Protein chains: 2
Amino acid sequence: MKATVYVTIKQNVLDVQGSAVKGALHSMGFQEVGSVRIGKYLELELDTNDRSEAEARVKAMCEKLLANTVIEDYRFDLV
Amino acid sequence: MKATVYVTIKQNVLDVQGSAVKGALHSMGFQEVGSVRIGKYLELELDTNDRSEAEARVKAMCEKLLANTVIEDYRFDLV
């Protein structure tokens, strides 16, 4: 089973990396870019076929390591 | 129009960050994790409604700034 995890900075937290990239894009002539937010994208291979167990385990991984839940949100898909 | 960009490390390139996270997950008891690959996830707000123009522009942004195409792949969706 494969898990795809998206970790994004919460809406009310300043995304400094995103602001920097937005500035760089503007200076390169991409004036149409309004806002940029940058997050992480993780692909995990899981050695299990139990979907509900995998869901609980990936949730635990996100809470404990993959996301800093003070400033980040996460969501994941299982395939 | 909103663009969602995924930048991932190419399959034949060693993902050191992914290896480190895999090691950390194992040491935390998540033994079922086989492989971890980490990429970037970007959300861009674009001030345009022309889909084909947006597609060309986002492709240019990826090629020029957002992805290092020597070691990274990218793909994007427009909404």
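Every number in this text was worked out from the coordinates using simple rules, so none of it is lab data. All values reported here derive from a predicted model rather than from experimental measurement. No Cβ is skipped: glycine too gets one built from the backbone with ideal geometry, and neighbour counts run over all protein chains shown.
One way to sum up the overall shape of the range A:2-78 is the equivalent ellipsoid from its Cα gyration tensor, whose semi-axes run 32, 14, 8 Å, largest first.
For A:VAL79, the distances from its label point to the matching points in the remaining copies are 1.8 nm, ordered from shortest, with each point set 7 Å beyond Cα toward Cβ. Rounded to the nearest 20, the size of the Cβ-charge dipole of chain B about its Cα centre is 240 debye, with Lys and Arg at +1 and Asp and Glu at -1. The range B:1-31 and the range A:37-79 have Cα centres lying 12 Å from one another. Plainly put, the tip 7 Å out from Cα toward Cβ on A:GLU53 is 5.4 nm from that tip on each other copy, the closest given first.
With a cut-off of 13 Å between beta carbons, the residues surrounding B:VAL21 carry a summed charge of +1, where Lys and Arg count +1 and Asp and Glu -1.
Between the Cα long axis of helix B:51-61 and the first principal axis of chain B there is an angle of about 50°, rounded to the nearest 10. Only Cα pairs under 8 Å and 6+ residues apart enter the sum, and on that basis the relative contact order of chain B stands at 52 percent. Each principal axis of the Cα cloud of the protein assembly as shown was taken in turn, and the coordinate range along them, longest first, works out to 48, 36, 24 Å. Along the axis of the charge dipole computed for chain B (Cβ charges of +1 for Lys and Arg, -1 for Asp and Glu, origin at the Cα centre), the listed residues B:VAL58, B:PHE30, B:THR8 are led at the positive end by B:PHE30. Excluding A:LEU46 itself, what net charge comes from residues whose Cβ is under 9 Å from its Cβ, given Lys and Arg +1 and Asp and Glu -1? Once all neighbours under 9 Å are counted, the net charge is -1.
Here is how the number arises for chain A: DSSP H runs of 4 or more residues each give -39500 (n - 2.57), the sum is divided by the residue count, and the result at 222 nm is -9000 deg cm²/dmol. Label zone (A:VAL13, point 7 Å along Cα-to-C-beta; backbone nitrogen cut-off 16 Å) within the range B:40-76: B:41-43.
To the nearest ten degrees, helix B:16-27 and the longest principal axis of the Cα atoms of chain B are 40 degrees apart.
Of all residues in chain B, the one whose Cβ lies closest to the rotation axis carrying B onto A, together with that distance in whole Å, is B:TYR41, 2.
Positive contributions from Lys and Arg (+1) and negative ones from Asp and Glu (-1), summed over other residues with Cβ under 9 Å from the Cβ of A:VAL36, come out at -1. Taking amide H positions as modeled 1.01 Å from N, with prolines and chain starts lacking one, the residues under 5 Å from B:SER35 and 5 or more places away or on another chain are A:GLU45.
In this structure, the pairs whose alpha-carbon distance is over 22 Å, taken from A:LYS10/B:LYS64; A:LYS2/B:LYS22; A:LYS64/B:LYS22; A:LYS10/A:LYS59, are A:LYS10/B:LYS64.
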